[in-house]
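Shown next, in structure tokens, is the structure this report addresses.
Every number in this text was worked out from the coordinates using simple rules, so none of it is lab data. This structure is a prediction, so every number in the text was calculated from the model and none was measured. A quick note on method: Cβ atoms are made from the backbone with ideal geometry, for glycine too, and the neighbour counts reach across all protein chains shown.
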Amino acid sequence: MYCSSCGSAVAQNLNYCNRCGAKVSDAKIGGVNKTAMSFHISLINAIAAVFIVGLGAIAVLIGVMKQVVGFDTSIILAITLISFAMMLTVESVLIRLLLKGKKGTEEADDLAKRQNEQTTRELEEAQARVLPEPMPSVTEHTTRTLEPVYSERKSE
Ligand SMILES: [Zn+2]
């Protein structure tokens, strides 16, 4: 964890920075990102758990069907395939959720970047617009208004 005001490393269990005394709160260090991260981690855990538990359940099921019930090999194969397909469906739903969540955060990042680029471009455009048209100089203005008066006096 790093201090948000001075940038020095702060121990995880501390609430205040050792160097500058600023409050170090979790919310300041991208609270939204953190919750999204924990969501991703729990999704990955769920995917792994479903895979392991599913494979175990299928293996047990095959064993039970073979040893206890005494099903035909073709029936065992069919049931195994069906349960495997069900497991894959659950996995694909979870993976889609994971990808969707990742895509969402990436889109948010992109949006922030695009907004940043837009503001800088607007600033550049504003500067470019100001530069080619210099303000009419004050001296130019005064000489112009004074000239006729001066020439009139000269002609008198
Ligand atoms: Zn600090």
With a Förster distance of 30 angstrom and the Cβ-Cβ distance between ILE52 and MET1, calculated FRET efficiency to the nearest 0.05 equals 0.35
Treat each spin label as a single point 7 Å out from the Cα along the C-beta direction, and report the LEU111 to VAL64 distance in nm. 4.8
Just to confirm the filter: which chymotrypsin sites (Phe, Trp or Tyr not before Pro) across region 43-110 are DSSP coil and have at most 16 other Cβ within 10 angstrom of their Cβ? PHE71
